[in-house]
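Colleague: Can you read through this structure? Questions will come right after.
The values are calculated or read from the model by the stated rules, or taken from the named source; none is laboratory data. From a predicted model like this one, the values you see are computed outputs, not experimental measurements. Positions of Cβ are generated from backbone atoms using ideal geometry, with glycine treated the same way; all protein chains shown enter the neighbour counts. To get the accessible areas, we keep the full protein, side chains included, count just its heavy atoms, and leave off ligands, DNA and RNA. Shrake-Rupley method; radii C 1.70, N 1.55, O 1.52, S 1.80 Å.
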Amino acid sequence: ETGVTQTPRHLVMGMTNKKSLKCEQHLGHNAMYWYKQSAKKPLELMFVYNFKEQTENNSVPSRFSPECPNSSHLFLHLHTLQPEDSALYLCASSQVVQGLPQHFGDGTRLSIL
Amino acid sequence: DQQVKQNSPSLSVQEGRISILNCDYTNSMFDYFLWYKKYPAEGPTFLISISSIKDKNEDGRFTVFLNKSAKHLSLHIVPSQPGDSAVYFCAASVQGGSEKLVFGKGTKLTVNP
């Protein structure tokens, strides 16, 4: 596989469930990101991991818990989510060098019942 | 307060004509700008970027223009093709880095055959 792969592509869960989103990048990048895209809103950066260390937490509620075990894998653990958390969750990776872009996965469409 | 604004939610053009997508920003510290294209059910794909030391960057049918004094950039697609129909996102960052990208809401381009 190449690029950035996200699983699952779709997820429906109740507010009391615990689930995890997975992201894997095959590009040799050293940074990984979680974004949230809600309807009619810009992509919102949630978390940044640089060389496996979290360097950014953009005021994200604690019901979202990221994990980056190595530079190729990124998880987003979900617990006790709210209906307003229904959105498209996108993972991205990049080589943190000036002028190089982020590469995105195809996202997980999350629906909270 | 949105730092990157794409004021046109949608744009429709005829095949073969020029498409011009616009983006305004408010943060004068932004010095690296990118355009992404997104098809339905796929993640954003990097299209073209420009550094603030330039005012134009070309890649095939795609040209990005930057007007720093007006805090405005535009993406020109010539000639437009039906396959260009997608949502286009403008993004910006500070210090030429790709870590903290700030995105606009996107413009949906439809190219009619």
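Colleague: I want to confirm something. Restricting to region B:45-73 and keeping residues that are within 26 Å of residue B:113 (Cβ to Cβ) and charged (D, E, K, R), which single residue is nearest to the other protein chains (Cβ to nearest Cβ)?
Modeller: B:59
Colleague: Kindly indicate the residue of region B:1-24 that is polar (S, T, N, Q) and within 14 Å of the chain's Cα centre (by Cα) and also most open to solvent (accessible area, probe 1.4 Å) among those meeting that condition.
Modeller: B:7
Colleague: Next question, about the same structure. Enumerate the pairs (first residue in region A:93-112 and in contact (Cβ under 8 Å) with a residue 24 or more places away in the chain; second residue anywhere and open to solvent by less than 20 Å² (accessible area, probe 1.4 Å) and of a type in the set (Ser, Thr, Tyr)) with beta-carbon separation below 6 Å, excluding pairs fewer than 6 apart on the same chain, so at least 6 apart or on different chains.
Modeller: Cβ pairs passing all conditions: A:94/B:98; A:102/A:94; A:102/B:98; A:103/A:93; A:108/A:89; A:110/A:89.
Colleague: Regarding residue B:27, is this residue of a type in the set (S, T, N, Q), outside any helix (DSSP H, G or I) and open to solvent by less than 50 Å² (accessible area, probe 1.4 Å)?
Modeller: Yes.
Colleague: Residue B:42 passes all but one of (1) within 14 Å of chain A (Cβ to nearest Cβ); (2) surrounded by fewer than 17 Cβ atoms within 10 Å (Cβ to Cβ); (3) assigned to a strand (DSSP E or B); which number fails?
Modeller: Among (1) within 14 Å of chain A (Cβ to nearest Cβ); (2) surrounded by fewer than 17 Cβ atoms within 10 Å (Cβ to Cβ); (3) assigned to a strand (DSSP E or B), the lone unmet condition for residue B:42 is (3).
Colleague: State all residues of region A:36-56 that are facing chain B (nearest Cβ under 8 Å), in contact with a strand residue (DSSP E or B) (Cβ under 8 Å, 6 or more places away or on another chain) and assigned to a loop (DSSP other than H, G, I, E, B); if no residue qualifies, say none.
Modeller: Answer for region A:36-56, where residues must be facing chain B (nearest Cβ under 8 Å), in contact with a strand residue (DSSP E or B) (Cβ under 8 Å, 6 or more places away or on another chain) and assigned to a loop (DSSP other than H, G, I, E, B): A:42, A:43.
Colleague: Do we find that residue A:50 is touching a residue at least 40 places away in the same chain (Cβ under 8 Å), closer than 20 Å to residue B:92 by Cα and open to solvent by 10 Å² or more (accessible area, probe 1.4 Å) in this structure?
Modeller: In short, yes.
Colleague: What is the number of the single condition among (1) among the hydroxyl-bearing types (Ser, Thr, Tyr); (2) modelled with pLDDT under 95; (3) more than 30 Å from residue A:24 (Cα to Cα) that residue B:10 does not meet?
Modeller: (2)
Colleague: Are any residues in region A:88-113 of a type outside the set (Val, Ile, Thr), more than 14 Å from chain B (Cβ to nearest Cβ) and either open to solvent by less than 30 Å² (accessible area, probe 1.4 Å) or at positive phi (or both), and if so, which ones?
Modeller: A:110
Colleague: Applying the selection to region B:74-86, what residues are of a type in the set (Val, Ile, Thr) and either facing another protein chain (nearest Cβ under 10 Å) or open to solvent by 40 Å² or more (accessible area, probe 1.4 Å) (or both)?
Modeller: Of everything in region B:74-86, just one residue is of a type in the set (Val, Ile, Thr) and either facing another protein chain (nearest Cβ under 10 Å) or open to solvent by 40 Å² or more (accessible area, probe 1.4 Å) (or both), namely B:78.
Colleague: Of the residues in region B:88-113, how many are open to solvent by 40 Å² or more (accessible area, probe 1.4 Å) and closer than 26 Å to residue B:16 by Cβ?
Modeller: Matching residues across region B:88-113 total 4.
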